[in-house]
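The next block holds one structure in the form of structure tokens; read it before the comments.
The values are calculated or read from the model by the stated rules, or taken from the named source; none is laboratory data. Since this is a predicted model, take the numbers as computed values, not measurements. Here the Cβ is made from the backbone with ideal geometry for all residues, glycine too, and neighbour counts use every protein chain on show.
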Protein chains: 2
Amino acid sequence: MTTTTRDKMIAGAADLMSRRGVNATSMRDVVRHTATPRGSISHHFPDGKRQLIAEAVTFAGKQVSIPLEKAMNERGVIGGLRAFVASWRRQLEATGFEAGCPVLAVAVDRYVGEASDRDDETAQQHLLDLADGVFADWRQIMRTALLREGLAAERSERLATLVVASIEGTVAMCRASRSTDALDQVQEELETVLSTALARTAG
Amino acid sequence: MTTTTRDKMIAGAADLMSRRGVNATSMRDVVRHTATPRGSISHHFPDGKRQLIAEAVTFAGKQVSIPLEKAMNERGVIGGLRAFVASWRRQLEATGFEAGCPVLAVAVDRYVGEASDRDDETAQQHLLDLADGVFADWRQIMRTALLREGLAAERSERLATLVVASIEGTVAMCRASRSTDALDQVQEELETVLSTALARTAG
DNA sequence: CCACAAATATGACAGTTGTCATATTCCAGT
DNA sequence: ACTGGAATATGACAACTGTCATATTTGTGG
């Protein structure tokens with residue numbers, strides 16, 4: 001495939017960003033980690049590191065949202081939540097609690113490129129907008145599933161936000177504690193909250 | 001006071017870390033931002049940047065936990081939750097959604113110092129342990145307050161984890177969206193969850 | 001007033017970063 | 001076979017990083 005090198009760079013950047021953060025991930029690290037040619041960076045990403053980060057964020061976003069939407073459609077809200085949590089647990093355990101969420105990394109760890117100009121400010125916001133769009137995407141999937149099972153619009157939106165935010169926070173905390181205990185606890189409470197909210201609707 | 005320079009450096013480091021992340025905060029940035037003498041860094045922090053980060057994390061931890069514990073004692077669980085959320089909302093709005101949580105920054109954005117030796121691995125874990133300790137501290141305060149109002153031990157622990165994790169995640173999301181909407185939504189749902197859990201106990 | 005340690009100033013160090021310019025290789029289309 | 005553009009290789013650039021060594025200042029106890 002023609003785009004293999006490019007895709008490997010994007011996936012490798014997302015992986016490294018999720019482990020170390022944005023600024024601790026250098027382009028030389030990416031080519032080392034993915035065994036890709038360094039000379040191709042400026043060819044595949046003419047706008048430099050900022051473009052690579054941007055593509056890594058949308059890549060990571062889809063990598064989560066596509067199976068999430070599928071699970072929601074096939075297994076309902078509770079099943080979808082379980083799949084969502086399970087995928088994060090898998091990622092934590094498979095990497096020895098090294099990898100977290102690259103989208104959260106962009107939201108927390110601002111990339112500081114060439115300073116001075118007002119390009120700086122606007123380019124920063126471009127990356128933040130991208131991360132915000134991914135979070136909004138995930139929330140939207142959750143919200144739609146809750147709506148479909150009969151929950152009110154505003155309640156669905158609030159619960160969707162709670163689910164995404166709490167799991168993002170929990171994944172970061174699990175990385176710090178090198179344990180999935182927090183994830184287990186949050187999963188149980190979220191299941192309880194969603195179940196009772198849906199039961200109240202049905203009853 | 002003798003420790004004014006030192007304290008200004010610690011507070012400034014915590015502030016910059018909460019805005020840009022750990023690796024995007026250089027020691028030269030800290031002295032620029034706090035108008036402190038650069039030559040004093042190695043004097044006040046002989047172990048270098050890692051020590052400054054460590055002190056900034058514990059400083060930020062206490063800055064949250066002390067008023068949180070006070071609010072929990074004076075106003076109960078719901079009041080304490082409201083104070084907790086309000087302090088984060090204040091921080092977001094006062095800084096134009098620039099500042100987030102420096103402890104989360106340490107958990108997400110790994111500081112990469114001098115490589116090679118196994119010091120690397122253990123020193124990394126020292127910072128992660130510190131962040132984990134702060135999160136555990138906040139959770140403990142929440143858990144104790146829930147216990148005191150009659151909730152079962154395991155439920156208290158789970159709910160405390162949910163509260164801290166969801167708010168940490170929400171603050172990061174709000175920084176990305178430059179809006180407190182997510183915080184409003186999460187606050188409302190958390191209040192509902194805690195209220196019904198406590199009501200079930202009392203009734 | 002003096003001495004002595006704490007605090008600050010200043011400059012240098014090797015290493016890394018993102019970016020770019022220039023060469024070289026690869027490979028499909030004719 | 002060959003040509004033209006895509007892809008890769010290689011090295012260099014200035015800027016920045018954390019750290020350290022070496023002055024110089026400051027403030028306080030004698």
(request) Report yes if some residue within the stretch B:34-46 is within 16 Å of DNA strand C (Cβ to nearest atom) and within 30 Å of B:Glu188 (Cβ to Cβ); otherwise report no. (result) no
(message) Among the residues of the stretch B:107-118, are any surrounded by fewer than 24 Cβ atoms within 10 Å (Cβ to Cβ), acidic (Asp, Glu), more than 9 Å from every other protein chain (Cβ to nearest Cβ) and not in a helix (DSSP H, G or I)?
(response) yes
(request) Output the qualifying pairs, or none if there are none: Cβ atoms under 9 angstrom, residues six or more apart or on different chains, first residue in the stretch A:93-113 and more than 20 Å from A:Met27 (Cβ to Cβ), second residue surrounded by fewer than 24 Cβ atoms within 10 Å (Cβ to Cβ) and acidic (Asp, Glu). (result) A:Thr95/A:Asp15; A:Ala107/A:Asp132
(message) The conditions are (1) more than 16 Å from DNA strand D (Cβ to nearest atom); (2) surrounded by 14 or more Cβ atoms within 10 Å (Cβ to Cβ); (3) closer than 27 Å to B:Asp109 by Cβ, and A:Thr34 fails exactly one of them. Which is it?
(response) (1)
(request) For residues that are over 15 Å from A:Glu74 (Cα atoms) and buried (at least 19 other Cβ atoms within 10 Å of the Cβ), scanning just the stretch A:140-160, find the one that is nearest to the other protein chains (Cβ to nearest Cβ). (result) A:Arg158
(request) For B:Thr58, work out the one condition from (1) surrounded by fewer than 20 Cβ atoms within 10 Å (Cβ to Cβ); (2) within 15 Å of DNA strand C (Cβ to nearest atom); (3) at pLDDT 95 or above it doesn't fulfil. (result) (2)
(message) Can you find a residue that is touching a Gly at 6+ places or on another chain (Cβ under 7 Å), surrounded by fewer than 23 Cβ atoms within 10 Å (Cβ to Cβ) and either in a helix (DSSP H, G or I) or at pLDDT below 95 (or both) anywhere in the stretch A:78-98?
(response) no
(message) Please go through the stretch A:149-164 and give me each residue that is assigned to a helix (DSSP H, G or I) and either touching a residue at least 24 places away in the same chain (Cβ under 8 Å) or under 11 Å from the mean Cα position of the chain (by Cα) (or both), ordered by number.
(response) A:Arg155, A:Leu159, A:Leu162, A:Val163, A:Val164
(message) Filter the stretch B:7-29 down to the residues that are away from chain A (no Cβ under 13 Å) and more than 8 Å from DNA strand D (Cβ to nearest atom) and list them by number.
(response) B:Asp7, B:Lys8, B:Met9, B:Ile10, B:Ala11, B:Gly12, B:Ala13, B:Ala14, B:Asp15
(message) Looking only at the stretch A:37-61, filter to residues that are among the hydrophobic types (A, V, I, L, M, F, W, C) and within 15 Å of DNA strand D (Cβ to nearest atom); which one of those is nearest to the other protein chains (Cβ to nearest Cβ)?
(response) A:Leu52
(request) Return the residue satisfying two criteria in turn: it lies in the stretch A:168-203 and is within 20 Å of the chain's Cα centre (by Cα), assigned to a helix (DSSP H, G or I) and more than 7 Å from chain B (Cβ to nearest Cβ), and of such residues it is surrounded by the fewest Cβ atoms within 10 Å (Cβ to Cβ). (result) A:Asp184
